[in-house]
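Chemist: Attaching a single structure in structure tokens format; questions to follow.
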Amino acid sequence: MDEDRFPEAGRPFDGCARHTPPPPRTSGAAPSDPSAGEERLAWLNEATHKIGTTLDLEVTAQEFVDFVVPRVADAASVDLLDSVLLGEDGVRAPQTHVPPIRAMALSLIEGLNLEPDPVGQITQRADNAILMECLTTRKPFLANGISGDQYERIALSPSAAAAMRREGVHALLKVPLIARGVLLGIVDFVRAHNPQPFGAADVALALELVSKAAIFIDNARLYSREREVVVALQRTMLPRSAPATPGLDVATHYFPTIHPAGVGGDWFDVVELPGGRTALVVGDVMSHGLAGAATMGRLRTVARTLMALDIAPERVLARLDLAARDLEEDQVATCLCVVYDPADGTCTVASAGHLPPLVVSAGGRARYADVPPGAPLGAGVIPYDHVRLKLPVGSRMVLYTDGLAKNRVDDIVTQQERLRVAVEGEQPPLSRACDVIIQRLGAEERIDDAVVLVAAARPLGEHEEQRTADHGDHGGLCLWELASDGSAAREARQLVRGQLDHWDLAHMSDTVELVVSELVGNALRYGGGPGMLRLLRHDRLVVEISDQGPDLPQIQHATLSDEGGRGLQLINMLCRRWGSCRTAEGKVVWAEQDIPGAPFEW
């Protein structure tokens, strides 16, 4: 550095020329006399309370520059390494080049125009020798009495140099922003309208302030990085889209909070079940951070596996409770399970300590469903109870986690009423339903992350039909009731054949009739006779037979000499998949087949 052109520049601070400290310009001005210990300590203590009030990186940087202007300088700026803002670690070893730096915060006294870098943009300083020296040596840079062509060496551009000359900038102090041995960026202090140069006391005070600000900014950086990691982990564990299911359209959204301590643990899931039914699950782990997100991933995997087996919601919660108790972290969670059946427009709902769902009528009136709350998962208090709710076509059900309405002021009753009012009224398109609810509540008040799931019941489409003898050819949602004697198989084959002809699926009749005959035969032999025959066509063809038997069927190994035991083996070979589930009256056995070449659009 040319010291003849920059007096006091590039030297250690103990070698700076001493200047008579100017008197304070305002009652709140920074103390410039190093012997004024009490005043200095009081002012630094004030900085501790006014800088770093949040864990937001940008806010913290702006609080710092607002605090030092005009007390220390007429203008101040904070520029951070772009790698820091991208969640990477700062620079620990000295650099041989200027890394990309982004303008983060700026403050100037009124009337001062220095053409600084716009906040948020990458600064164009790769060839600036002064910045290079400051960052590579990690030592402050001081220049007093700036004049002549020195502006071109300091400024970012010729126009900025002209602005500094026009505004009378005469003193510049650059201080590397270092915390815990990591280089985060650089801080600039500029004096123009204040005629005094930076004295030794000013420099010492600026260094102490920058060291405090560096810790605050580094804390914000670390919390921001942790939040981004947790949010990314959370999002990867949640379903990216909801499957298309008959008679039900679903919209979902996960809303992370801006507070790092409130992220992680909320989940939702939508599972397509046999027979056109849909399972909806919403849960909330009572912890946050990486531990909460990891526990959420485990419980969601278990819940999805159980729901895919078509297990009743209350039984799913009972098994989830066992899984939660097996976790080493002793985590507790709430969960709400809903199974929607388009055949009769009902929802079977069971809750494990979760807030009740909101049911919204076609006219927009919202009410909380009366669901037994149950104990949270992991508490070890089972069994769970279920209720059946009617969800008519045109109505909606809103499932959510408590972070949607929770704040630090209102009690739970007030929060629930605010949520009900936000959901009630004119219903937006389903694609915007989740965002509209958040907007009505006011997202800035949330202190916890939240999940919103909105399910809308709709009529079955052209390729979604369930046929019944009761309502004839009206596309109604009913079932066939079969005789409980030996004529049931013949009756079932006739009903299936006639309906497949109506759907132009006569080419599937032979296979489907064979499958339904085997299902009816099993019901007669092991279930006390068949109950209902249900035939559903959507993207696949599903046949269901219900009976009152308690035992679920299993494939048996039949030897060559056995006369029976091959029915389920035959079904297993002919169908895409098959299964069974228990009901309150007994069980249901179902078989699913692909529809070759059938066009299907949702």
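Chemist: Look at Ala251 and say whether it is open to solvent by less than 10 Å² (accessible area, probe 1.4 Å) and of a type in the set (A, V, I, L, M).
Modeler: Spelling it out, it is not the case that Ala251 is open to solvent by less than 10 Å² (accessible area, probe 1.4 Å) and of a type in the set (A, V, I, L, M).
Chemist: With (1) of a type in the set (Ser, Thr, Tyr); (2) out of contact with any strand residue (DSSP E or B) (no Cβ under 9 Å at 6 or more places or on another chain); (3) crowded, with 23+ Cβ neighbours inside 10 Å as the list, and Thr305 as the residue in question, which single condition is left unmet?
Modeler: Only one criterion is unmet by Thr305, namely (3).
Chemist: Also: Scan Arg418, Arg388 and give me the residue that is part of a helix (DSSP H, G or I) and of a type in the set (Lys, Arg).
Modeler: Arg418
Chemist: Can you tell which of Asp269, Asp284, Asp202 is of a type in the set (Asp, Glu), within 26 Å of Arg577 (Cβ to Cβ) and buried (at least 17 other Cβ atoms within 10 Å of the Cβ)?
Modeler: Result: Asp269 is the single residue among Asp269, Asp284, Asp202 that is of a type in the set (Asp, Glu), within 26 Å of Arg577 (Cβ to Cβ) and buried (at least 17 other Cβ atoms within 10 Å of the Cβ).
Chemist: Quick one: which of Ala201, Ala206, Ala244 is in contact (Cβ under 8 Å) with a residue 40 or more places away in the chain, closer than 18 Å to Asn45 by Cβ and touching a His at 6+ places or on another chain (Cβ under 9 Å)?
Modeler: Answer to the check: Ala201.
Chemist: Considering (1) in contact with an Asp or Glu (Cβ under 7 Å, 6 or more places away or on another chain); (2) over 18 Å from Val282 (Cβ atoms); (3) part of a helix (DSSP H, G or I), say which one Val436 fails and leave the rest.
Modeler: The one condition Val436 does not meet is (1).
Chemist: Here is a follow-up. With respect to Lys174, is the statement that it is touching a helix residue (DSSP H, G or I) at 6+ places or on another chain (Cβ under 8 Å) and without any contact (Cβ under 8 Å) to a residue 60 or more places away in the chain true?
Modeler: So Lys174 passes the test.
Chemist: Does Arg235 count as of a type in the set (Lys, Arg) and surrounded by 20 or more Cβ atoms within 10 Å (Cβ to Cβ)?
Modeler: Spelling it out, it is not the case that Arg235 is of a type in the set (Lys, Arg) and surrounded by 20 or more Cβ atoms within 10 Å (Cβ to Cβ).
Chemist: Return yes when Gly476 is modelled with pLDDT under 65 and small (Gly, Ala, Ser) and no when it is not.
Modeler: So Gly476 fits the description; yes.
Chemist: Which of the residues belonging to the range 388-420 are touching a residue at least 12 places away in the same chain (Cβ under 8 Å), open to solvent by 30 Å² or more (accessible area, probe 1.4 Å) and β-branched (Val, Ile, Thr)?
Modeler: Val393, the sole residue that qualifies.
Chemist: For the range 439-460, how many residues are open to solvent by 10 Å² or more (accessible area, probe 1.4 Å), modelled with pLDDT of 75 or more and not in a loop (DSSP other than H, G, I, E, B)?
Modeler: Matching residues across the range 439-460 total 4.
Chemist: On to the next question. Consider Thr257 against the criteria (1) in a helix (DSSP H, G or I); (2) closer than 21 Å to Asp56 by Cβ: it satisfies all of them except one. Which criterion is unmet?
Modeler: For Thr257, the exception is condition (1).
Chemist: How many of the residues making up the range 82-116 are in a loop (DSSP other than H, G, I, E, B) and either open to solvent by 30 Å² or more (accessible area, probe 1.4 Å) or at pLDDT below 80 (or both)?
Modeler: Residues meeting the conditions: 20.
Chemist: Then there's this: For the range 181-190, which residues satisfy the criterion of being closer than 12 Å to Ala76 by Cβ and open to solvent by 10 Å² or more (accessible area, probe 1.4 Å)?
Modeler: Result: Asp188, Val190.
Chemist: Separate question: Only one of Val381, Val393, Val359, Val371 is among the β-branched types (Val, Ile, Thr), in a strand (DSSP E or B) and farther than 19 Å from Ser287 by Cα; which?
Modeler: Sole residue among the options that is among the β-branched types (Val, Ile, Thr), in a strand (DSSP E or B) and farther than 19 Å from Ser287 by Cα: Val359.
Chemist: Which residues, counting only those in the range 493-530, are open to solvent by less than 60 Å² (accessible area, probe 1.4 Å), farther than 14 Å from Ile571 by Cβ, assigned to a helix (DSSP H, G or I) and not polar (S, T, N, Q)?
Modeler: Residues satisfying the conditions are Leu495, Val496, Gly498, Leu500, Ala506, Met508.
Chemist: Let me ask another. Within the range 308-323, can you find the residues that are open to solvent by 20 Å² or more (accessible area, probe 1.4 Å) and either part of a helix (DSSP H, G or I) or of a type in the set (Phe, Trp, Tyr) (or both)?
Modeler: Ala308, Glu314, Arg315, Ala318, Arg319, Leu322, Ala323
Chemist: What residue, among those in the range 145-180 that are in a loop (DSSP other than H, G, I, E, B) and open to solvent by 40 Å² or more (accessible area, probe 1.4 Å), is farthest from Ile130 (Cα to Cα)?
Modeler: Arg180
Chemist: Shifting gears a bit: Could you look through the range 117-144, keep only residues that are open to solvent by less than 60 Å² (accessible area, probe 1.4 Å) and at pLDDT 85 or above, and pick out the one that is nearest to the chain's Cα centre (by Cα)?
Modeler: By that ranking, first place goes to Arg138.
Chemist: Right, next: Could you list, in sequence order, all residues of the range 188-239 that are among the basic types (Lys, Arg) and within 25 Å of the chain's Cα centre (by Cα)?
Modeler: Arg221, Arg225, Arg227, Arg235 - these are the residues of the range 188-239 that are among the basic types (Lys, Arg) and within 25 Å of the chain's Cα centre (by Cα).
Chemist: While we're here: Please specify each residue of the range 46-62 satisfying the condition of being touching a residue at least 24 places away in the same chain (Cβ under 8 Å) and in contact with a helix residue (DSSP H, G or I) (Cβ under 7 Å, 6 or more places away or on another chain).
Modeler: Residues satisfying the conditions are Ala47, Thr48, Ile51, Gly52, Thr54, Leu55, Asp56, Leu57, Thr60, Ala61.
Chemist: Tell me, which residue of the range 337-351 that is touching a residue at least 40 places away in the same chain (Cβ under 8 Å) and in contact with an Asp or Glu (Cβ under 9 Å, 6 or more places away or on another chain) is surrounded by the fewest Cβ atoms within 10 Å (Cβ to Cβ)?
Modeler: By that ranking, first place goes to Thr348.
Chemist: Filter the range 367-388 for residues that are over 11 Å from Leu320 (Cα atoms) and of a type in the set (Val, Ile, Thr) and give the result.
Modeler: Val371, Val381, Val387
Chemist: While we're looking at this one, here's another question. Does His463 qualify as being surrounded by fewer than 14 Cβ atoms within 10 Å (Cβ to Cβ), outside any helix (DSSP H, G or I) and modelled with pLDDT under 70?
Modeler: no
The values are calculated or read from the model by the stated rules, or taken from the named source; none is laboratory data. Not measured: the values here are computed from a predicted model. Using ideal geometry, Cβ is built from the backbone for each residue, glycine included, and neighbour counts are taken over all protein chains shown. What goes into the accessible areas is simple: the full protein's heavy atoms, side chains included, and nothing from ligands, DNA or RNA. Shrake-Rupley method; radii C 1.70, N 1.55, O 1.52, S 1.80 Å.
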